[in-house]
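Everything on this sheet refers to the single structure shown next.
The values are calculated or read from the model by the stated rules, or taken from the named source; none is laboratory data. Computed from a predicted structure; not experimentally measured. For neighbour counting, all protein chains shown are included, and Cβ atoms are generated from backbone atoms with ideal geometry for every residue, glycine included. These area figures cover heavy atoms from the full protein model, side chains too; ligands, DNA and RNA do not enter into them. Shrake-Rupley method; radii C 1.70, N 1.55, O 1.52, S 1.80 Å.
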Amino acid sequence: RFEAGTPPIAEAVALGAAVDYLSGIGMKAIQWHEKELTAYALDALATVPGLRIFGPTVPVGRGGTISFALGDVHPHDVGQVLDALGVQVRVGHHCARPVCTRFGVPATTRASFYLYTTTEEIDALVAGLEQVRKVFN
């Protein structure tokens, strides 16, 4: 009301379309898929030597994100190698600097899973982490 210009009409329409899309799939189905992917990822990541997962190592009580550290390799280096391989992760403090301090790490690498993620992409992450290990060890 007090701002000049056009209201964010396109954004409101897009939000409505997104809600319709997710409602059509069903939030329970999305939640189930995310839990299955997280369980698959936790099992797959457990095979990577030197990988430290932050948070529960079982899918109970966690969402579709996994933060981890790979030995003494800085997360920014992990992210750069994975990016070169086409594997996308986030690196940094993730707005949780006190957590990094608590666990004595400079930052973490974080993989996120959602409706569109596949097990093949998780396999690519694990293979990419093996490549990181080869480069830095």
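At a glance:
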| read-out | value |
| --- | --- |
| Accessible surface, per residue, of the range 93-137 when the full set of protein chains is kept, probe 1.4 Å, Å² | 61 Å² |
| With Cα atoms, 0 to 90° folded angle of helix 75-84 axis to the chain main axis | 70 degrees |
| Area accessible to solvent at residue 34, 1.4 Å probe radius, in Å² | 40 Å² |
| Å² of accessible area per residue within the range 9-62, as computed with a 1.4 Å probe and no ligands counted | 65 Å² |
| Cα-based shape type of the range 1-78, given that a ≥ b ≥ c are square roots of the gyration tensor eigenvalues and the cut on a/c is 1.5 | oblate |
| Area accessible to solvent at residue 25, 1.4 Å probe radius, in Å² | 70 Å² |
| Carbon and sulfur %, accessible surface of the range 78-137 computed with the full protein complex present, 1.4 Å | 54 percent |
| Cut-off 13 Å between beta-carbons: net charge of the residues surrounding residue 104, Lys and Arg +1, Asp and Glu -1 | +2 |
| C-alpha long axis of helix 9-25 to longest principal axis of the chain, angle in ° | 60 degrees |
| Heavy-atom accessible area ranking, 1.4 Å probe, most first, across 77, 83, 43, 72 | 72, 43, 83, 77 |
| Matching label, percent of Cα pairs over 27 Å apart computed from the structure shown, candidates (1) 26; (2) 33; (3) 37 | (2) |
| Size of electric dipole in the chain: Cβ of Lys, Arg +1 and of Asp, Glu -1, about Cα centre, debye, nearest 20 | 520 debye |
